[in-house]
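The values are calculated or read from the model by the stated rules, or taken from the named source; none is laboratory data. Source: prediction; values computed, not measured. Quick reminder, even Gly has a Cβ in these numbers, built from the backbone with ideal geometry, and neighbours come from all protein chains shown. Side chains included, ligands, DNA and RNA excluded: accessible areas come from the protein's heavy atoms. Shrake-Rupley method; radii C 1.70, N 1.55, O 1.52, S 1.80 Å.
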Amino acid sequence: MPVIDFSQDDLLRGKIVTPGWYLVELGQFTQKLAKSGETNNYIFEDTKIIKNAETGSEEFTGVPLNILFSGHPKAKGFMVGFLSALGAEIKAGSRFNIENGAGKQIEVFVDNDIYEGRTVNRINHMYRTVGSV
């Protein structure tokens, strides 16, 4: 008979966060082939909420999130806010190693969405520098 054990991350993974701005620590960077097979996705897996960036509430501390970007050339614009939140100055001709974001802190807006009939946490490309408000 299989024995299943649960980590704290397992228990928090499905926790729905109240929409708002959160201070997060970016998780491990991975690059995976997109379903289309034509480009890669850039993912910060298991990014963790530290606290609510506006109220200081730690109600959702530790909730894991994933931040995903398409590597498709037409989707690069969605990375601008993210890289700016990391302190990069974005201009034509700029080059950045996105992997260097792993382990750094930024603020993200977490919203709720419906995916395959269930409510999930969603980060829809809204980022800001820590303490920018």
Is it true that T47 is under 23 Å from V120 (Cα atoms), surrounded by fewer than 16 Cβ atoms within 10 Å (Cβ to Cβ), polar (S, T, N, Q) and modelled with pLDDT of 95 or more? no
Test result for G62, at positive phi and under 15 Å from the mean Cα position of the chain (by Cα): yes
Limited to the range 1-12, what total is found for residues that are within 20 Å of A53 (Cα to Cα) and in a loop (DSSP other than H, G, I, E, B)? 0
Members of the range 18-41 found to be open to solvent by less than 50 Å² (accessible area, probe 1.4 Å), under 29 Å from N97 (Cβ atoms) and of a type outside the set (S, T, N, Q), listed by number: W21, Y22, L23, V24, L26, G27, F29, A34, G37
With the structure loaded, tell me whether A88 is among the aliphatic types (A, V, I, L, M), surrounded by 14 or more Cβ atoms within 10 Å (Cβ to Cβ) and in a loop (DSSP other than H, G, I, E, B) or whether it fails that test. yes
I98 is checked against (1) under 14 Å from F29 (Cα atoms); (2) modelled with pLDDT of 95 or more and fails just one. What number does that condition carry? (2)
Can you confirm whether E54 is acidic (D, E), farther than 22 Å from D10 by Cα and free of Cβ contacts under 8 Å to residues at least 60 places away in the same chain? no
Please find, among G93, G62, G81, the residue that is without any contact (Cβ under 8 Å) to a residue 60 or more places away in the chain, open to solvent by less than 40 Å² (accessible area, probe 1.4 Å) and in a loop (DSSP other than H, G, I, E, B). G62
When both residues are 6+ apart or on different chains and their Cβ atoms are under 8 Å apart, which pairs have a first residue that lies in the range 20-45 and is free of Cβ contacts under 8 Å to residues at least 24 places away in the same chain and assigned to a strand (DSSP E or B), and a second that is of a type in the set (V, I, T) and open to solvent by 40 Å² or more (accessible area, probe 1.4 Å)? none
Would you confirm whether any residue within the range 104-127 is assigned to a loop (DSSP other than H, G, I, E, B) and either touching an Asp or Glu at 6+ places or on another chain (Cβ under 6 Å) or crowded, with 17+ Cβ neighbours inside 10 Å (or both)? no
For the range 50-81, enumerate the residues that are at pLDDT below 95 and of a type in the set (F, W, Y). F69, F78
